[in-house]
Amino acid sequence: MGTTRYKETLLCFLLIFMETQAQLWMALGTQTSAIESRPRSSINKNLCRALYLHHYQRTVCLNYTDLMLSVAEGIRLGIDECQVQFKHRKWNCTINEYGTSVFGPIITTASRESAFISGIISAGVAFSVTESCAEGKSVHCRCDNSVRGQTDEGWRWGGCNRPITYGIWFSQLFIDQVEKIVKKRKDPRKIMNLHNNKAGREVIKNLLQTECKCHGTSGNCNLKTCWRSQPHFSEIGKILKEKYDSAHEMEFLYKVKANGERKIKDLIPKYKEYLPPSSLDFIYYEESPNYCVKNETLGIAGTKGRSCNITSSGVDGCELMCCQRGYNVNIVQKTHSCECKFVWCCKVSCNSCIKMTPEYTCK
């Protein structure tokens, strides 16, 4: 029994180590300024080696040097959007700006938070690479000219169709391949991450929109040219946040060997009465940790000192945010413009007024 417990503990530590190593590349998102200081054409072998990359990703870096800034910008885009979407949640997407593990130990949990991180970062890289290709920043890709000609509606395809297929392919090349190399074929976290990576990227494809420009004299739209463009990334973030809230909890499907030993074969839905997840849904198989209290092991800051909304009954409200510990009220003095008047001609003159405003923070 002791030997079995030891093996399980050792396996647990090994899986955590592998997951941490597999996610070090996300630190690129906090190194954009260092990469931006170099022209795209000057990103060389030495820089590729200096970055926190898996050896496979270093090869990608060397072969696609002019896209590495796009990768870093895409990761940063995902990080920033994560913090926007979870600004008023107990877990607010806290990151470590200066460490090698951007999201800290929380990334090692197979929770719905990790599912969201995988999806938003994967989407960010695909989005950023696609835009860079459309803007002619890489010799490896360009606008998607596969769709051309006149349509039945009377307008024609033109302009720059965003090459989302290439952006998705490159995101797979840079992110997914590391999962496949580092982890075993039936590793449950590998199955989870690859699924969520794809779900994040697919959102962009489904949100592509048609933009048009009219050509003609005096504002007449005698000829209309249209092209496919990506939505604002905040729209992608909102959709992925909804997928986070409706994520599917999974459990292990075991294969029992002749000697009685159980081996994980796959992930299956935990609750059979619900529809199984599609390729567009997020999946996870571990409950989220307690974000109410500080947990240094998992890098959780807790909600003590966080601002809360006294008028809200939602997740940003003081009751939920403060985990029923209560809250402190601090009256702060704020200056704002008031009694504004229009002065001829042509300006607006305002007085400065002081307003005492209560601020609520969790105990």
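The values are calculated or read from the model by the stated rules, or taken from the named source; none is laboratory data. In this text, all values refer to a predicted model and were calculated from it rather than measured experimentally. Cβ placement follows ideal geometry from the backbone for every residue including glycine, while neighbour counts extend to all protein chains displayed.
Is it the case that the stretch 275-292 has a residue that's exposed (fewer than 11 other Cβ atoms within 10 Å of the Cβ) and more than 20 Å from Lys243 (Cβ to Cβ)?
Taking the stretch 275-292 as the starting set, the residues that turn out to be exposed (fewer than 11 other Cβ atoms within 10 Å of the Cβ) are 275, 278-279.
So of that shortlist, the ones also more than 20 Å from Lys243 (Cβ to Cβ) come out as none.
Within the stretch 275-292, not a single residue is exposed (fewer than 11 other Cβ atoms within 10 Å of the Cβ) and more than 20 Å from Lys243 (Cβ to Cβ).
The conditions of being basic (Lys, Arg), assigned by the TED database to the domain that holds Lys241, surrounded by fewer than 17 Cβ atoms within 10 Å (Cβ to Cβ) and over 17 Å from the mean Cα position of the chain (by Cα) are not met by Arg162.
Among the conditions (1) within 29 Å of His248 (Cα to Cα); (2) in contact with a Ser or Thr (Cβ under 9 Å, 6 or more places away or on another chain); (3) aliphatic (A, V, I, L, M); (4) surrounded by 24 or more Cβ atoms within 10 Å (Cβ to Cβ), the only one that Ala115 does not satisfy is (2). Of the residues making up the stretch 339-353, just one is in contact with a Ser or Thr (Cβ under 7 Å, 6 or more places away or on another chain), exposed (fewer than 10 other Cβ atoms within 10 Å of the Cβ) and in contact (Cβ under 8 Å) with a residue 12 or more places away in the chain, namely Ser352.
Scanning the stretch 293-338 for residues that are surrounded by 13 or more Cβ atoms within 10 Å (Cβ to Cβ), closer than 16 Å to Glu359 by Cα and among the basic types (Lys, Arg) gives Lys304, Arg306. Comparison of Ala110, Ala126, Ala134, Ala115 shows that the only residue that is of a type in the set (A, V, I, L, M) and over 19 Å from His195 (Cβ atoms) is Ala134.
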